[in-house]
1. Across region 33-57, which residue is surrounded by the most Cβ atoms within 10 Å (Cβ to Cβ) among those that are touching a strand residue (DSSP E or B) at 6+ places or on another chain (Cβ under 6 Å) and more than 16 Å from residue 90 (Cα to Cα)?
2. Going through 359, 292 one at a time, which residue ends up being farther than 18 Å from residue 254 by Cα, outside the structural domain of residue 219 (by TED's automatic domain parsing) and more than 21 Å from the chain's Cα centre (by Cα)?
3. Checking the structure you have, find out if any residue of region 115-136 is within 22 Å of residue 21 (Cα to Cα), surrounded by 13 or more Cβ atoms within 10 Å (Cβ to Cβ), touching a strand residue (DSSP E or B) at 6+ places or on another chain (Cβ under 8 Å) and free of Cβ contacts under 8 Å to residues at least 24 places away in the same chain.
4. Considering only region 332-352, I want to know if a residue exists there that is in a strand (DSSP E or B), modelled with pLDDT of 95 or more and surrounded by 14 or more Cβ atoms within 10 Å (Cβ to Cβ).
5. Identify, from the list 221, 205, 210, the residue that is under 29 Å from residue 311 (Cα atoms), surrounded by 13 or more Cβ atoms within 10 Å (Cβ to Cβ) and within 29 Å of the chain's Cα centre (by Cα).
6. Mind listing whichever residues of region 251-267 are within 25 Å of the chain's Cα centre (by Cα) and either assigned to a loop (DSSP other than H, G, I, E, B) or closer than 15 Å to residue 304 by Cα (or both)?
7. So the check is Cβ under 8 Å with 6+ separation or different chains; which pairs have a first residue in region 59-86 that's more than 13 Å from residue 151 (Cα to Cα) and a second one that's part of a strand (DSSP E or B) and at pLDDT below 95?
């Protein structure tokens, strides 16, 4: 007689085609949370998740409307009060699709190529939501669940989850659990099980630098006023030193060092620097001195430029001296950093280094706190 684990795995393999078809259907919904024109699709994605929970015979399935996008909830509590309760978190919203010209197929027309599916949100995180739901379905086929489950699937993760904290604070009893499971990560290889116990946070800013009150002809005015695009580039260049350290004042004050045991565990990962080089296609790796690539992306904070815009960027030539320049900048944060503190550090850097011949604004767009769990906890 097969054990429950083997039975569940066999069920998953036998239903692979159906699971795949449902994932493709989920992937066709353009649930872009930052797009005000996608509200109907956001609602459709929330209903899609709710229908999946209902088909699993989850109880108390609800779509909670918030000041932003809805949160989908459902529960499976048959294991009883003596069993632990796990809250499974996920999100059904996706990032914008630009630049659209780089897509080989439509971002919401899932395309299977070899062993991969290409569509917006398939790996962040519609695929993980589906994997969680279908894992539960497979386990249920093998017998009763050994734990109680609650599901909380939101629609604002890609814009910083502004409505989620108020929702959780007003539904504490409903969401009460022993620990939470967030599948919004990945695995190192198809045959390497992976438990992620920490996630970096985010602080996201828009920096605008202003010079003259309108665009100027560079042949007439070039050299007489500071070009805001040049000022912006110099400010950005100064945000790292020669060793790859972020130069915002106080940026590392509360950053936890990587302890020897954790460093040894990171060194065991089958992702050495050569893997990062091969997967990126970059001519060489770069980063904070004294750390491996696995340590940099897993346990160290960063500052990255996500976009730049200024002046004339069309075909051909136009000798413009732009009136303004803009950059999108994000920082990945580690415990015990906070988005609010990093925003103040960015302000302090700009106040100290921006030249008097330009003005500037810094918009705090959104952020999220980092998370870390005890590696020895029952949840891990």
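The values are calculated or read from the model by the stated rules, or taken from the named source; none is laboratory data. Quantities reported herein were computed from a predicted structural model and do not represent experimental measurements. Virtual Cβ from ideal backbone geometry, glycine too; neighbours counted across all protein chains shown.
1. Going through region 33-57, the residues touching a strand residue (DSSP E or B) at 6+ places or on another chain (Cβ under 6 Å) turn out to be 38, 46, 49-50, 53-54.
Still in the running and more than 16 Å from residue 90 (Cα to Cα): 38, 54.
Details: 38: 20, 54: 12.
Restricting to residues being touching a strand residue (DSSP E or B) at 6+ places or on another chain (Cβ under 6 Å) and more than 16 Å from residue 90 (Cα to Cα), the top hit is 38.
2. Details: 359 fails: outside the structural domain of residue 219 (by TED's automatic domain parsing).
Matching residue, one of 359, 292: 292.
3. Looking for residues that are within 22 Å of residue 21 (Cα to Cα), surrounded by 13 or more Cβ atoms within 10 Å (Cβ to Cβ), touching a strand residue (DSSP E or B) at 6+ places or on another chain (Cβ under 8 Å) and free of Cβ contacts under 8 Å to residues at least 24 places away in the same chain, one finds at least one in region 115-136, hence yes.
4. Step one: filter region 332-352 for residues in a strand (DSSP E or B), giving 332-333.
Still in the list and also modelled with pLDDT of 95 or more: 332-333.
Among the residues that remain, those that are also surrounded by 14 or more Cβ atoms within 10 Å (Cβ to Cβ) are: 332-333.
So far as region 332-352 goes, yes, one or more of its residues are in a strand (DSSP E or B), modelled with pLDDT of 95 or more and surrounded by 14 or more Cβ atoms within 10 Å (Cβ to Cβ).
5. So the residue among 221, 205, 210 that is under 29 Å from residue 311 (Cα atoms), surrounded by 13 or more Cβ atoms within 10 Å (Cβ to Cβ) and within 29 Å of the chain's Cα centre (by Cα) is 205.
6. Of the residues in region 251-267, the ones within 25 Å of the chain's Cα centre (by Cα) are 251-258, 262-263, 265-267.
Result: 251, 252, 253, 254, 255, 256, 257, 258.
7. 84/179
Residue-by-condition table, conditions (1) closer than 30 Å to residue 377 by Cβ; (2) out of contact with any helix residue (DSSP H, G or I) (no Cβ under 8 Å at 6 or more places or on another chain); (3) modelled with pLDDT of 95 or more:
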position	(1), (2), (3)
54	no, yes, yes
59	yes, yes, yes
96	no, yes, yes
108	no, no, yes
127	yes, no, yes
